[in-house]
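Working notes, beginning with the structure itself.
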Amino acid sequence: MIARVVAALLLLAVALVACGEDDRAASGERVTVVATTTQAADLARNVGGADVEVVALLAANADPHDYEVRPRDLQALTDADLIVRSGGDLDEWLQEAIEGAGSDAPVLTLMDGVRAVDDDPHWWQDPRNAVLATGALARALSEADAADAAAYRANAARYQARLRRLDRAVADCLGRIPAARRKLVTTHDALGYYARRYGIEVVGTVIPSLSTRGQPSAGEIADLVETIREQGVRAIFAESSVNAKVEQAIARETGARVGKALWADTLGPEGSDGETYVASIAANTRAIADGLAGERCSIDA
C-alpha cells in the first residue's frame, strides 16, 4: 500500500513539472537568468536566445573586483530561475548576496567548466574557454527549461562555431607579429590566458596582481620602468575600467606609448567596440597588434 502511494506521488510530481513546462511554453514565459559579469551575461544571451531573459548584475565598465551589491540585485536573485557566475575571486561577493536574497535557484559557475589556470579568474580571455562555458550554459539552461533544450543546444552550436572563427582570426593576426615584439604590459594581470593562447609574453603589469584592488609601490613601478626599457616594450595598455594616469606616467618615463584601452574585466557599453564578448576580443586584438607592431588586423567573427 505504501509503495503504491509513493509511486502515485512520484507520478503526480512528474506531471506537475511537465505541466509547468507546458504552461511556460504556451504562455511565452521566458526563463530568467541572473549573471554576475558582463561576459557571463553576454554568453548567456547567445545561448538562451529568445527563450531567456538575462539580467546582468554588473553594468558595462564596472569593475567586478570591488562591486557592492545593491537592493535591486537581491530582488533579481530572488526572481532568478538560474544564476550564472564567472567564478574565482572576481565575483566571490555573490554567495553572500544569494543568502541575503534567500534564492534557491541553481548556480552555474562557469570557471568550473573551463581550463582554468591556478587561481586566475580571467578564463574568458581565451576563446576556447568561452566555447566550453557555452556548452555548460546550454546544459544548465536545458535542465532549467527542458521544453526548450533543443533550442539551447542549437544556439550554443552556432555560437561555438563563431567563437572558433574568432579564435582562428586572432591567432592569424597576432601570428604575423615578430616574436621579439610580442611583449605586453597592462594595468593588472588580466590577460594571462590571452597571452598564453597567442604566444605573447606578459613582461609586467602596473598593478602586480590578478585584481585591480591592489596598488603598486614606488619600487614596483621603478622595476617595471626598468623592465620596459630592457625589453624594448613599445606600448603600454591601460584598461577601459581604470584611470590611466599611472600608465601615462610610465610611458613618458620609458618612451613607450599608451595603446588603446583594452576590455579586460568588463565589456563596453552599447555602441562601443567592446559591447559583446566577441567584439571585445576582436577590439583588444586590433589594439594590441597596432600597439606592438603597427599591424592592422581585420577580424570578422
Original post:
Can you spot a residue in region 183-197 that is in contact (Cβ under 8 Å) with a residue 24 or more places away in the chain, over 20 Å from Ala238 (Cβ atoms) and either in contact with a helix residue (DSSP H, G or I) (Cβ under 7 Å, 6 or more places away or on another chain) or in a helix (DSSP H, G or I) (or both)?
Top reply: yes
Being touching a residue at least 40 places away in the same chain (Cβ under 8 Å) and either more than 19 Å from Ile250 (Cα to Cα) or not in a helix (DSSP H, G or I) (or both) narrows Arg158, Arg165 down to just Arg165
Being within 19 Å of Thr36 (Cα to Cα), at pLDDT 95 or above, of a type in the set (Gly, Ala, Ser) and assigned to a loop (DSSP other than H, G, I, E, B) narrows Ala130, Ala116, Ala97, Ala140 down to just Ala116
Scanning region 53-94 residue by residue, the ones that are part of a helix (DSSP H, G or I), aliphatic (A, V, I, L, M) and either without any contact (Cβ under 8 Å) to a residue 24 or more places away in the chain or in contact with a strand residue (DSSP E or B) (Cβ under 6 Å, 6 or more places away or on another chain) (or both) total 3
When restricted to Ile250, Ile207, Ile221, Ile236, the only residue in contact with a helix residue (DSSP H, G or I) (Cβ under 9 Å, 6 or more places away or on another chain) and under 22 Å from Gly88 (Cβ atoms) is Ile207
Would you confirm whether any residue within region 95-109 is surrounded by fewer than 15 Cβ atoms within 10 Å (Cβ to Cβ), under 29 Å from Gly199 (Cβ atoms) and not hydrophobic (A, V, I, L, M, F, W, C)? no
Taking first residues from region 262-275 that are closer than 17 Å to Arg286 by Cα and second residues anywhere that are of a type in the set (Asp, Glu) and not in a loop (DSSP other than H, G, I, E, B), the pairs with Cβ under 7 Å that are 6 or more apart or on different chains are Leu262/Glu239; Ala264/Glu239; Leu267/Asp42
Going through (1) in contact with a Pro (Cβ under 9 Å, 6 or more places away or on another chain); (2) more than 30 Å from Leu43 (Cβ to Cβ); (3) part of a loop (DSSP other than H, G, I, E, B) one by one, Val233 fails only at (1)
All conditions in (1) modelled with pLDDT of 90 or more; (2) part of a helix (DSSP H, G or I); (3) crowded, with 17+ Cβ neighbours inside 10 Å are true of Val246 except (1)
Exactly one of Ala251, Ala261 is under 22 Å from the mean Cα position of the chain (by Cα), over 15 Å from Cys173 (Cβ atoms), surrounded by fewer than 23 Cβ atoms within 10 Å (Cβ to Cβ) and at pLDDT 90 or above, and that one is Ala261
Note: among Val107, Val202, just one is among the β-branched types (Val, Ile, Thr), within 21 Å of Thr32 (Cα to Cα) and touching a strand residue (DSSP E or B) at 6+ places or on another chain (Cβ under 6 Å), namely Val107
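Scan Val278, Val242, Val225 and give me the residue that is touching a residue at least 12 places away in the same chain (Cβ under 8 Å) and over 20 Å from the mean Cα position of the chain (by Cα).
The conditions single out Val225.
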Among residues of region 73-94 being touching a Pro at 6+ places or on another chain (Cβ under 8 Å) and of a type in the set (D, E, K, R), the residue modelled with the lowest pLDDT is Asp89
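The values are calculated or read from the model by the stated rules, or taken from the named source; none is laboratory data. None of the values given here were measured: they were computed from a predicted structure. With ideal geometry, Cβ positions are generated from the backbone for all residues, glycine too; neighbour counts draw on all protein chains shown.
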